[in-house]
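Below is one structure, written out as C-alpha cells; comments come after it.
FYI, it's all coordinate maths here, none of it is from the lab. These numbers were taken from a predicted model, which means no experiment stands behind them. No Cβ is skipped: glycine too gets one built from the backbone with ideal geometry, and neighbour counts run over all protein chains shown.
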Amino acid sequence: MDDLPVTTQGESVSARSTGPTLSSDAPSAGRPLRPRDGDDTPGDVLQARLTELRDAVRVTRFTLPLPSAERAGTVATGMVAQLDDYLLPRLERLDAPLLVVVGGSTGAGKSTLVNSLVRTPISPAGVLRPTTRAPVLVCHPADMSWFSRASLLPSLARTSGPNGDHRSLQVVSAQALTPGLALLDAPDIDSVVDANRQLAGQLLAAADLWLFVTTAARYADAVPWNLLRTARNRGTAVALVLDRVPGGGAADEIGPHLTEMLRQQDLGGVPLFVLPETRLDSQGLLGEAQIGSLHGWLARLARDAEARAAVVRQTVGGAIDALTVDVVILAAAAEDQVAAARTLSDAVHVAYRAATESVEHGIHDGALLRGEVLARWQELVGTGDIMRALQARVGKLRDRAVAAITGRPTPGEQFQQALGSGLGVLLKAAATDAAEGAGAAWKAHPAGAALLDAAPGLVHPSEDLDERIDRLVRDWQRSVLDLVRTEAGDRRVVAKASAYAVNATGLLVMVSVFAATAFIPTGAEIAVAGGTTIAAQKVLEAIFGDQAVRSLAERARQSLAERVAALFAAEADRFTSALTGAGVDEELSPRLRALSTAIHNARPEVDRT
C-alpha cells in the first residue's frame with residue numbers, strides 16, 4: 001500500500017495507510033461499479049435479503065424486560081437505520097459519489113475544515129457550542145441530483161439553506177470540490193444536546209468514509225476513541241485529521257504518540273493528516289498550504305474510480321459483516337424472550353393444573369359429603385328408613401324409594417343447594433390458590449413482574465368468578481337431571497313416575513359422583529356419609545341396573561370435570577392474554593438466522609462486482 005503524505009508546518013511525514021491505493025495513472029472518470037440498465041446483478045440478491053432483514057427487524061419489539069432486551073432494542077434501531085440510511089441505497093448505486101462524513105468532538109474544527117476544503121464558509125463555525133446544529137452536505141454541482149433526493153439518509157428532509165432543524169439536511173454545491181465525493185459536516189459526537197449526539201452517530205453510520213477530526217489537546221479523549229473502535233469493528237474506511245498542532249516541535253511528540261495509540265487499537269494503517277495551529281483568513285478559512293495534503297488526497301480519491309470502489313467495498317463489506325454480529329445479538333435476545341414466555345406460561349399451567357387436581361381430589365375423597373351436606377342428606381332420606389328399604393325386593397324398593405324421596409321436595413332442594421354451595425367453595429378456593437401461585441411465580445421473574453405491574457389484578461381471581469361458579473354449578477346439576485331423563489326414557493317405573501322421581505334420582509347420581517370413583521365405597525366413606533354411598537348405589541342399581549349406573553355416574557363426573565376445566569382455563573387465560581399481548585415471536589430467531597446465512601452467502605458477490 002502506498003504511503004500517504006501527512007503534513008505538519010510544511011514538513012513531510014509519512015504514515016502507513018490501509019486506505020485505498022490511489023493510482024497516479026488512473027483515468028479521471030472510472031467505469032461504474034454497477035450496471036444502470038435495470039438488469040439483475042449479483043448485488044440484487046443481497047439487496048433483497050437485506051431488505052427482508054430490515055423489514056423483519058423494523059417491526060421487532062423485545063417487550064419482555066430481560067437483561068438482553070435493552071441492548072437488542074438499541075442494536076435493532078441502529079441496524080434498521082444503517083440499512084435505510086446507507087447499505088440499501090448504496091447497494092442500489094454502488095457507483096454513486098462517495099459520502100465523506102466529517103465528525104469529531106466539540107470545538108475540533110470540523111466546520112472550519114469543511115469550509116476550508118470548499119474555499120467558502122458554507123457551514124457555520126464559531127465559539128458558540130454546539131455550532132453545527134443541523135448537518136450540512138456540500139458536493140460538486142454535478143452530484144447534486146444524487147444527494148438532493150432522499151436515497152441516503154431518507155429520514156432527513158432536504159433543504160437548500162439553514163433552518164435550525166436538526167432532522168433536516170442542508171445540501172449545497174461548491175465548485176471547489178472534485179465530482180465524485182461529498183463532505184458532510186456532522187454535529188459533535190460529544191454534544192451537550194442528546195439529539196445532536198444521536199444524529200452524529202446516525203450520520204457516521206451512513207458514511208462511505210469517516211474523516212475524523214481531533215485536536216492536539218483532545219486526541220486522547222475517550223469519546224473519539226469509542227467512535228473509532230466502532231468504525232474499526234464495522235470495517236468502515238477512516239481517515240484521521242489531527243488539528244491545531246502547536247509549533248515548537250509539538251508535532252514530533254504528539255504524532256508518534258497518536259500513531260502508537262492507533263496501532264494499539266488496530267488502526268495503525270489509518271491515513272493521518274496533521275494540521276498546524278494557524279491564523280484563519282478573513283473568511284475564517286485555513287490556508288491552502290495547511291490543508292493542501294488532505295485536499296489533494298480527497299481530490300485523487302474522487303477522481304479515481306478504483307480507489308472509490310475500494311472504499312465502497314471496504315465500508316459496505318464491513319457493514320454487512322457487522323450485521324452478522326448484530327443478528328446474533330438479536331436472535332439470542334429473541335430466544336431469551338421465547339424462553340421467558342415459556343417459563344411464565346409453564347408457571348400458569350402448573351398453578352391451574354394444581355387447582356384442577358385439588359378439585360378432583362375434593363370430588364373423589366367424599367369431603368363434600370360432610371357437614372351441612374350430610375345433614376341435608378340424612379334429613380332427605382330419613383335415618384333408618386332407606387336402609388330398611390334396601391332389604392326389600394327390588395320392585396318394592398323402587399316404589400318405596402321414590403315415595404320416600406319425592407314425598408319431601410323441600411329437603412331435596414335444600415340438599416341440592418348445600419351440595420352446590422360446597423362445590424362452589426371448593427372451586428373458589430382452588431381458583432384463588434391458582435391465581436396467587438401463578439402471580440407469585442411471575443413476581444419472581446423480571447418479565448412476569450413487569451406484566452403484573454401492568455395488570456395487578458391477575459394475582460386475584462376474576463371479579464365475576466363467583467357468578468360464573470354459581471352458573472357452573474346450576475348448569476351441571478341441571479345436566480345431571482337431563483342425563484337421568486335421557487337414561488330413564490325407556491324404563492317404565494321412572495318414566496311413569498312424576499318429575500320428583502327424576503329429581504330424586506338425579507340427587508342420588510350427584511351423591512355417587514362425590515362419594516367414590518366407579519362406586520367402590522371405602523370404610524372411610526361409609527363412616528363419613530353414614531352409608532349414603534351404599535344407599536345411592538343400591539337405589540340407582542335397582543332403578544337402572546348395575547352397568548347403566550356406572551355409565552350414568554361416570555358421565556356426570558366427566559361433565560363436571562369438563563366444566564371445571566373450562567372455568568380454570570378461562571381464569572388462566574387472563575395470564576395467557578397478558579403474555580400474548582407482549583407479542584413474543586417464536587419464529588423470529590430462526591427467521592433472523594436464516595436471513596443472516598443468506599446474506600453471508602451473497603456477500604462475496606458484491607466483492608466481485
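Please compute the modelled spin-label separation between residue 192 and residue 475, points set 7 Å along Cα→Cβ, answer in nm with one decimal.
If labels sit at residue 475 and residue 192, their model points lie 6.7 nm apart.
With +1 on each Lys and Arg Cβ and -1 on each Asp and Glu Cβ, and nothing else charged, work out how big the dipole of region 78-204 is about its Cα centre, in Debye to the nearest 20.
Computed about the Cα centre, the dipole is about 220 debye.
Around residue 450, what is the net charge, scoring Lys/Arg as +1 and Asp/Glu as -1 over all other residues with Cβ under 15 Å from its Cβ?
-1
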